[in-house]
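What follows is one structure encoded as structure tokens, with my remarks underneath.
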Amino acid sequence: IYATIGKESTELASDNQYVLETDQSGVKISVSDVYCDGYLLYYTTTLNTDNAELNESDWIMGPQYDKVMENVSINETLIQSAIGQPFEKAEDGSYVKMEQIDLSTLTDENDNPIDISDLKNFTVTWSIDTLEGYLSDAWDENGEYQTTTRVSGDWQLSFPVHVDTSKNETIAVDKEDNGVVVNQVIKTGAVLIVDVQIPDITGTPYNDPYNDPDIFITDEAGNAMWWLGGRMTENGDGSQNERIMLLYNGENAIHVSATNKNGAGESIAELDVDLK
């Protein structure tokens, strides 16, 4: 992911208005490599520590057992409170994680949609108050990953984001096969967004009693595209609208397949989509 999105990202410069590095309880966390195209927000956070026990960890994150949350806000509106991705140990001894947030599916803490499509610049704040280290090859008596040590603090970051839409392009597709429609595709500098409409497939000829199709998307060579996120909206008639976000590496075409996974796993639709 970094090879694709990282090359499009912007290095942050020190600014008294923001907090690009926070040091608490012997643990320093910093943010860098920010990318935003209006659909995807990506940034890298790096953790360094002089805590010997914590440095024995293979990865570090909020304690899983206690479900300690990372909080992320845009312009002071909380958009994510979740168990985040772990900081994974790098060759240089630091711990790194690459965060990605689908901006087209944003909701606030009450699950109300948030529309930031008109913003050209915004501020992100990130915080967590407890960190714990884990070993990848040792387990406790409950079968959970063995922990190293736990550290408490008040780590808070804030950083500016510029929305660069210069490489964004919307392609009207409107291709249909057996009731499945690819409406449009949006290309950006690093992601591909595919909007698909799927009919109610509980009846003939689809025969999926749970109305839960599988969608597969491959490139020209038949390789699976890397999924970054998505959103499904069910309509009153049982049909579904799906927005699928994929990592984009300059592919000229994709193939979209739909199957009735809860039926016989049969193909429902096969659609070739030209991206040129």
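Things worth noting here:
- Cβ pairs under 9 Å, 6+ apart, first in the range 232-259 and hydroxyl-bearing (Ser, Thr, Tyr), second loosely packed, with under 12 Cβ neighbours inside 10 Å: Thr259/Gly265
- When Asp102 is tested against the conditions (1) at pLDDT below 95; (2) acidic (Asp, Glu); (3) surrounded by 16 or more Cβ atoms within 10 Å (Cβ to Cβ); (4) farther than 22 Å from Thr10 by Cα, the lone failure is (4).
- Test: residue in the range 116-134 that is in contact with a helix residue (DSSP H, G or I) (Cβ under 9 Å, 6 or more places away or on another chain), touching a residue at least 12 places away in the same chain (Cβ under 8 Å), at negative phi and exposed (fewer than 15 other Cβ atoms within 10 Å of the Cβ): yes
- Total residues in the range 45-99, condition more than 25 Å from Asp111 (Cα to Cα) and either assigned to a strand (DSSP E or B) or of a type in the set (S, T, N, Q) (or both): 17
- Selection status of Gln64, surrounded by fewer than 18 Cβ atoms within 10 Å (Cβ to Cβ), touching a strand residue (DSSP E or B) at 6+ places or on another chain (Cβ under 9 Å), in the same structural domain as Leu131 (by TED's automatic domain parsing) and within 16 Å of Val31 (Cα to Cα): no
The values are calculated or read from the model by the stated rules, or taken from the named source; none is laboratory data. The structure displayed is predicted, hence computed values, not measured ones. Please note: Cβ atoms are built from the backbone with ideal geometry, for glycine as well, and neighbour counts cover all protein chains shown.
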